[in-house]
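Visitor: The structure follows.
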Amino acid sequence: MPLDLDEFNRTDPERVRALLTACLDVPRWVDAVLAGRPYPDLEAVFLAAKAATPLLPEEIRRAMDAHPRIGEKPAKDDTGARWSRSEQSGVDDSAAAEFRAANAAYEERFGHVYLVCASGRSGGELLADLRARLANDPETELAVAGSELAKIAQLRLEKAVTA
């Protein structure tokens with residue numbers, strides 16, 4: 001459930017914490033955004049969120065655990081799962097087998113799920129990106145995943161806090 005800026009500024013911190021955690025499951029990031037309340041405008045909220053990145057490697061790994069694989073539908077039906085389904089709307093069921101195989105190769109190589117800001121991107125584009133990223137070394141790939149998480153968090157925050 002989105003909050004307007006006034007609600008975001010004055011609502012119980014635990015309710016806001018849950019909403020921010022749905023945007024990005026990184027306690028340090030959530031705490032940083034919460035600490036800035038009250039915000040004078042939406043831009044200030046978004047700038048505070050951006051200032052709390054880049055993410056540390058352990059934060060990236062934690063946050064990845066809250067994301068389904070590309071091409072798979074989330075099992076839960078909470079805010080984050082609904083956002084994920086919407087973000088992956090460009091991935092159709094016909095590519096599911098290709099994504100399963102590519103996800104398996106990626107996870108075997110890096111030990112974590114492939115994470116990408118999928119919003120507005122086609123299944124073919126995402127599959128090509130996944131395959132290209134298999135060439136990264138593990139450290140580079142973790143940094144790329146962290147950057148993608150920050151993009152996802154920003155998009156979700158824009159949905160969570162409105163004018």
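None of the figures in this text is laboratory data; all of them are computed from the coordinates on show. In this text, all values refer to a predicted model and were calculated from it rather than measured experimentally. Methodologically, a virtual Cβ is constructed for each residue, glycine included, from the backbone with ideal geometry; neighbour enumeration extends over all protein chains shown.
Visitor: For all pairs of alpha-carbon atoms in segment 3-162, what percent lies in each bin of width 10 Å, listed from the first bin to the last filled one?
Guide: 11, 39, 33, 14, 3
Visitor: For the pair Ala105 and Ser122, how long in nm is the line joining their label points, each one 7 Å along Cα→Cβ?
Guide: 2.0
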